[in-house]
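Worksheet for the structure shown next.
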Amino acid sequence: MVEISFLTESDRARWEVLARGKDTYFEVERRDDDYERTWRRLLDDEQIRGIAARLDGKMVGIAHYLFHASVWYAGRCYLADLFVDAEVRRRGIATAVIEWVARDAKENGFPGLYWNTLEDAPARALYDKVGKFHKGLIHYAYRRDTNQISPQLLAAD
């Protein structure tokens, strides 16, 4: 049976193992202080939350999410990270985590839950079952490449 709870100080070491596993999987590089800063936010910020999924007492999954205002809706919850140890996947852990986050969000007045994933992510099989796929929706993230922007535009910022 999967047990889910908020992260606590005693979860720090195992959380970092899983967080680094997530980053390795998605080919993201972070510095040690990035993990420390995120850990503090997960424990200390009321809008940012971190949870652990445990199987037989061992932490095997993590999720990070945040609540935010919405222009058109009562409030939204963004599931920023969901990672389950490869050794225990396909046992309902990720589904249980998503349902837990959705319930927590609704109970706190943020009923809309959403997340992003890679187009070819194996988790899409699950996400297509529990979520609503918005065909044609394209996600953009702004990244300024200072090498391609004129100095006049930079000075205007």
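The values are calculated or read from the model by the stated rules, or taken from the named source; none is laboratory data. Predicted model only: the values in this text are computed from it and were never measured. Cβ coordinates were reconstructed from backbone atoms using ideal geometry, including for glycine residues, and neighbour counts include every protein chain displayed. Quick note on the areas: whole protein, heavy atoms, side chains included, nothing else; ligands and nucleic acids left out. Shrake-Rupley method; radii C 1.70, N 1.55, O 1.52, S 1.80 Å.
Does residue 129 satisfy the condition of being assigned to a helix (DSSP H, G or I), of a type outside the set (Gly, Ala, Ser), open to solvent by 40 Å² or more (accessible area, probe 1.4 Å) and touching a helix residue (DSSP H, G or I) at 6+ places or on another chain (Cβ under 9 Å)?
Values: assigned to a helix (DSSP H, G or I): yes; of a type outside the set (Gly, Ala, Ser): yes; open to solvent by 40 Å² or more (accessible area, probe 1.4 Å): yes; touching a helix residue (DSSP H, G or I) at 6+ places or on another chain (Cβ under 9 Å): yes.
When the stated conditions are applied, residue 129 passes them.
Under 6 Å between Cβ atoms, at least 6 apart or on separate chains: pull out the pairs that start in region 63-79 with a residue that is of a type in the set (S, T, N, Q) and end on any residue that is part of a strand (DSSP E or B) and open to solvent by less than 60 Å² (accessible area, probe 1.4 Å).
So the pair list comes out as 70/76.
Can you report the number of residues in region 83-118 which are out of contact with any helix residue (DSSP H, G or I) (no Cβ under 7 Å at 6 or more places or on another chain) and in a helix (DSSP H, G or I)?
The qualifying residues number 15.
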